[in-house]
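The values are calculated or read from the model by the stated rules, or taken from the named source; none is laboratory data. Just so it is clear, the structure is predicted and the values come from calculations on it, not from any experiment. Cβ sites come from the backbone with ideal geometry, for glycine too, and all protein chains shown count toward neighbours. SASA here: full protein model, heavy atoms, side chains in, ligands and nucleic acids out. Shrake-Rupley method; radii C 1.70, N 1.55, O 1.52, S 1.80 Å.
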Amino acid sequence: MSAAICWFRRDLRLADNPALTAAAHDGRPVLPVYIHAPDEAGAWAPGAASNWWLHHSLRALAAALADHGLPLIIRQGDTLATLQALIAETGAGAVHWNRIYEPALIRRDKGIKQALREHGLEVHSHNAALLHEPWTVQTGTGSDYKAFTPFWRACRRQGEPSPPLPRPPRLQAPETVQSPPGAPHHADNAAVDALGLLPAIDWAGGLRARWQPGEDGAHKRLEGFVAATLAAYASGRDLPAVEGTSRLSPHLHFGEIGPRQVWQAVQIHLARGQTGAGDWLQGAEQFLAEIGWREFAHHVLYHHPDFPDAPLNPRFADFPWQDDPDGALLRAWERGETGIPLVDAGMRELYATGWMHNRVRMVVGSFLVKNLRLPWQAGERWFWDTLVDADLASNSLGWQWVAGSGADAAPYFRVFNPVRQGERFDAEGDYVAHWLPALARLPAKHRHAPWAAPAAVRADAGLTLGVQYPHPMVDLGASRQAALAAFQAIKKPG
Ligand SMILES: Cc1cc2nc3c(=O)[nH]c(=O)nc-3n(C[C@H](O)[C@H](O)[C@H](O)COP(=O)(O)OP(=O)(O)OC[C@H]3O[C@@H](n4cnc5c(N)ncnc54)[C@H](O)[C@@H]3O)c2cc1C
């Protein structure tokens, strides 16, 4: 029987992997392949933090496949040409992959499917990444959704998602790539290393300390979250100082775990009736709705391919952004040197760990777009390079939400006050103190606005503004007014 290629992409797992299951159907030999071709993603080739994650996730995948006696074949270069060469080398008769919903990759994949089929190959794509593929959820008039709540209601009306697939029970390598009997199988780490995904200067210590990329790490994270955190999700999810959310986002982005598996884990826990308490049920429902936001982001991107670059609401194209000729304003924001503690703490958490709490993402985004009046696309790019969960759909949705220009976005007149947000969601100032040690000796009530603390209190805490920690780069009240005036200028006449 000729082998089937399983082309791994954003589905770096063995369980609930429809492409792998289909490739291995009927005991057919499987050739697992990863092809590194970042340029094919067009303007949105993965950033540095994503590359760090990918390196480790590929190593984990290669090790998991080696345990089953399968080598992960790693190549670089034009994907179609590479697949064709592999087919010629191995005599593979079929190719399976799981779909990605990004505009440039949809175009590429369509071309590959057509070209391979023309050469007589059996080619199938599958859904591993979503509960509801973008074209399967429609309004009553057959169009796409622009708001989350009706979208999610329509998804829920479709009933429970299908259960996840088990790991294929038996995987067999084609004879041409089998190890001699009795020889141990080793993952080819050198092939992963050769992709050059790790940074030349090692800045990734904080990422290593925080994350375990790969399928095992994803399952540990899910199990730990469901067992220990989900019960308090409703009250803890907005508090950046505690681990109140799942931190599954990078695992979901790279497909080390899929939403069907996450959904099932929550349902099993609910069915066991672990607590029965209202807060618990509310937390579970809210958590599933966050998975729904991920679905919605993919829905919007699929139906609006220029969503990452252009405001969904065209009026925002004329927004009068602030001049930042030498990039100093943007740089202060990127480095967490704005003098606004919650913003700076978030930006430093991002740089150190590759992740930032959702509440703080909204606050730093609002500060960039509204208080500094810098284009949301500049923030989107920085997140793209620094987040380990950088995801074209969710990042675009997040930034257009913040800017007020997207689907179901924050109203333009909502300008987060980072001091109020800090006092509300980081009441003890623990989050700020952790990421900004210069503020740690201030009493909690002054940590979110050190400039407003009495001089003697600052002196007691060993803090001189402009020395250990900057003065605020803008006046929050005046910049809010300037933002509102700018938004007024682009409002629909009449
Ligand atoms: C400006 C901005 C940019 C963002 N960029 C990204 C991004 O590049 N990648 C990304 O995955 N998320 C992004 N988000 C959404 C959200 O902040 C993260 O998904 C969340 O913080 C991840 O943490 P978690 O896994 O602990 O979330 P949990 O609260 O545990 O949620 C579970 C899962 O639901 C999904 N999810 C949760 N909130 C959202 C949301 N608002 N939109 C889409 N999916 C969501 C994620 O997959 C997440 O892992 C962004 C939000 C904002 C405001």
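So which of G422, G462 is farther than 30 Å from Y302 by Cβ, more than 16 Å from the ligand (Cβ to nearest atom) and crowded, with 22+ Cβ neighbours inside 10 Å? Outline the logic, then answer.
On the way: G462 fails: crowded, with 22+ Cβ neighbours inside 10 Å.
Result: G422 is the single residue among G422, G462 that is farther than 30 Å from Y302 by Cβ, more than 16 Å from the ligand (Cβ to nearest atom) and crowded, with 22+ Cβ neighbours inside 10 Å.
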Given (1) open to solvent by 20 Å² or more (accessible area, probe 1.4 Å); (2) assigned to a helix (DSSP H, G or I); (3) within 16 Å of the ligand (Cβ to nearest atom), index of the condition Y412 fails: (2)
Look at A449 and say whether it is away from the ligand (no atom under 13 Å from the Cβ), open to solvent by 50 Å² or more (accessible area, probe 1.4 Å), among the hydrophobic types (A, V, I, L, M, F, W, C) and out of contact with any Ser or Thr (no Cβ under 8 Å at 6 or more places or on another chain). no
Every pair of residues 6+ apart whose Cβ atoms lie under 7 Å, when the first sits in the stretch 267-285 and is closer than 21 Å to P164 by Cα and at pLDDT below 80 while the second is open to solvent by less than 80 Å² (accessible area, probe 1.4 Å) and of a type in the set (D, E, K, R): none
For residues that are of a type in the set (D, E) and surrounded by fewer than 21 Cβ atoms within 10 Å (Cβ to Cβ), tally how many sit in the stretch 1-38. 1
Is it true that A104 is surrounded by 15 or more Cβ atoms within 10 Å (Cβ to Cβ), part of a helix (DSSP H, G or I) and within 22 Å of the chain's Cα centre (by Cα)? yes
Flagged in the stretch 252-276 as crowded, with 17+ Cβ neighbours inside 10 Å, more than 9 Å from the ligand (Cβ to nearest atom) and not polar (S, T, N, Q), in numbering order, are F254, G255, E256, I257, G258, R260, W263, A265, V266, H269, L270
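The rows are residues; the columns are (1) touching a residue at least 24 places away in the same chain (Cβ under 8 Å); (2) over 25 Å from R210 (Cα atoms); (3) touching a helix residue (DSSP H, G or I) at 6+ places or on another chain (Cβ under 9 Å).
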{"position": "N358", "(1), (2), (3)": "yes, no, yes"}
{"position": "R373", "(1), (2), (3)": "yes, yes, yes"}
{"position": "L387", "(1), (2), (3)": "yes, no, yes"}
{"position": "A393", "(1), (2), (3)": "yes, no, yes"}
{"position": "Y412", "(1), (2), (3)": "yes, yes, yes"}
{"position": "A427", "(1), (2), (3)": "no, no, yes"}
{"position": "Y431", "(1), (2), (3)": "yes, no, yes"}
Looking at (1) among the basic types (K, R); (2) touching a residue at least 24 places away in the same chain (Cβ under 8 Å); (3) closer than 20 Å to R9 by Cβ, which is the one condition that is false for R170? (3)
So L350 ticks every box in (1) under 16 Å from the mean Cα position of the chain (by Cα); (2) surrounded by fewer than 22 Cβ atoms within 10 Å (Cβ to Cβ); (3) among the hydrophobic types (A, V, I, L, M, F, W, C) but one. Which box is left unticked? (2)
Condition broken by L70, with the remaining ones in (1) open to solvent by 20 Å² or more (accessible area, probe 1.4 Å); (2) outside any helix (DSSP H, G or I) satisfied: (1)
Considering only the stretch 241-251, how many residues are open to solvent by 10 Å² or more (accessible area, probe 1.4 Å) and either touching a residue at least 40 places away in the same chain (Cβ under 8 Å) or away from the ligand (no atom under 11 Å from the Cβ) (or both)? 6
Filter pass, A390 being open to solvent by less than 10 Å² (accessible area, probe 1.4 Å), farther than 23 Å from R335 by Cβ and within 15 Å of the ligand (Cβ to nearest atom): no
Looking at (1) open to solvent by 60 Å² or more (accessible area, probe 1.4 Å); (2) touching a residue at least 12 places away in the same chain (Cβ under 8 Å); (3) closer than 23 Å to Y412 by Cα; (4) among the charged types (D, E, K, R), which one does D323 not meet, given that it meets all the others? (2)
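This table checks each residue for (1) open to solvent by 10 Å² or more (accessible area, probe 1.4 Å); (2) away from the ligand (no atom under 11 Å from the Cβ).
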{"residue": "I340", "(1), (2)": "no, yes"}
{"residue": "S366", "(1), (2)": "no, no"}
{"residue": "E380", "(1), (2)": "no, no"}
{"residue": "T386", "(1), (2)": "yes, no"}
{"residue": "G406", "(1), (2)": "yes, no"}
Has the stretch 189-209 got at least one residue that is within 16 Å of the ligand (Cβ to nearest atom), in a helix (DSSP H, G or I) and surrounded by 14 or more Cβ atoms within 10 Å (Cβ to Cβ)? yes
